[in-house]
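The values are calculated or read from the model by the stated rules, or taken from the named source; none is laboratory data. The structure presented is a predicted model; accordingly, all values stated were derived computationally and were not measured. Virtual Cβ from ideal backbone geometry, glycine too; neighbours counted across all protein chains shown. Each accessible area value is taken on the protein alone, full model and side chains, heavy atoms only, with ligands, DNA and RNA left out. Shrake-Rupley method; radii C 1.70, N 1.55, O 1.52, S 1.80 Å.
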Amino acid sequence: DAEITQSPRHKITETGRQVTLACHQTWNHNNMFWYRQDLGHGLRLIHYSYGVHDTNKGEVSDGYSVSRSNTEDLPLTLESAASSQTSVYFCASSVMVTGELFFGEGSRLTVL
Amino acid sequence: QKEVEQNSGPLSVPEGAIASLNCTYSDRVSQSFFWYRQYSGKSPELIMSIYSNGDKEDGRFTAQLNKASQYVSLLIRDSQPSDSATYLCAVFAGGTSYGKLTFGQGTILTVHP
């Protein structure tokens, strides 16, 4: 079955370290998204991509970067982790820009 | 004003009752509207989508959309304990926000036996 997987599922890191969260989907969806979820804020969009070599900033993109070198993967990089980036991160993909999002299982990141 | 706002929770209803979840949005050119359910510790899953004014029914779930009032709701009939979850309203906007699905903060629903 096609799916979307995230790794690692749990990570603890220190302030200032670079962290990369992986996202891999086997649906061949062009559209991929990264969200973070925090209590009281719901899901907030970090970055998104409509296809290979396309990336766009979301509402909370500062301190994060993405690259899209193939259809299947959209890794999210925290260049210098900060405690404010402690959160649960969800990757998602969709067939249509206006369509249903399929979410990965989430990655819980703790920055100490 | 937040782009997508949901009624403050948590919402608690007895088993068998109707649960009503509400959502307002600020962008008048919004095009698509979704309700996601998220169980504790899990990822969101789509339960309803609605694109035009009126009601859309799917089993025990009914989504209602009123674009003039910029309002979308989700009714859950015959609520079951298994419906206990956080419900997220999501709006796909147009205009300068095209390409972004914006979520509300979520409403926690508890259905007690």
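How many square angstrom of accessible surface are buried between A and B, both sides summed, with a 1.4 Å probe and rounding to 100?
Looking at A and B, the buried total is near 1500 Å².
So, taking all protein chains as they sit and a 1.4 Å probe, how much accessible area belongs to B:K67, in Å² rounded to tens?
Surface open to solvent at B:K67 totals about 70 Å².
Kirkwood Rh over alpha-carbon pairs of chain B, then Stokes-Einstein at 25 °C and 0.890 mPa s: what D in µm² s⁻¹, rounded to an integer?
174
Might you report the magnitude of the Cβ-based charge dipole of chain A about its Cα centre, with Lys and Arg at +1 and Asp and Glu at -1, to the nearest 20 debye?
280
Give me the percent of accessible area attributable to carbon and sulfur for region A:38-112, probe 1.4 angstrom.
52
Can you count the Lys pairs in the protein assembly as shown whose Cα atoms are under 23 Å apart, with each pair 8 or more apart or on different chains?
Pairs that pass both the separation and distance tests number 8.
With no solvent and one point per C-alpha, what does the Debye sum give as log10 I(q)/I(0) for the protein assembly as shown at q = 0.12, 0.15, 0.17 Å⁻¹?
Normalising to I(0) and taking log10 leaves -0.65, -0.99, -1.22.
What whole-number distance in Å separates the alpha-carbon centres of region A:16-76 and region B:1-77?
Here the two parts' Cα centres lie 25 Å apart.
Could you work out the mean projected area of the convex hull around the alpha carbons of region B:1-60, in square nanometres to one decimal?
Spelled out: convex hull of the Cα atoms, projected over all directions, averaged, 5.6 nm².
Hey, got the dipole for region B:11-71? About the Cα centre, +1 on K and R Cβ, -1 on D and E Cβ, debye to the nearest 20?
Using Cβ point charges on Lys, Arg, Asp and Glu, region B:11-71 gives about 140 debye.
Quick check: at a probe of 1.4 Å, how many percent of the accessible area of chain B sits on carbon and sulfur atoms?
Values: 2510 of 5190 Å².
Of the solvent-accessible surface of chain B, carbon and sulfur hold 48 percent.
Using a 1.4 angstrom probe, figure out how much accessible area chain B has per residue, in square angstrom, rounded to the nearest whole.
With the other protein chains kept in place, chain B gives 46 Å² per residue.
Taking the Cα atoms of region A:1-92, what is the range of coordinates along each of the three principal axes, in descending order and whole Å?
Reported extents, whole Å, longest axis first: 34, 26, 25.
I want the antiparallel fraction of DSSP beta bridges within chain B, as a percent rounded to 5.
Expressed as a percentage, antiparallel bridges in chain B total about 90.
With +1 on each Lys and Arg Cβ and -1 on each Asp and Glu Cβ, how big is the dipole of region B:1-110 about its Cα centre, in debye rounded to the nearest 20?
240
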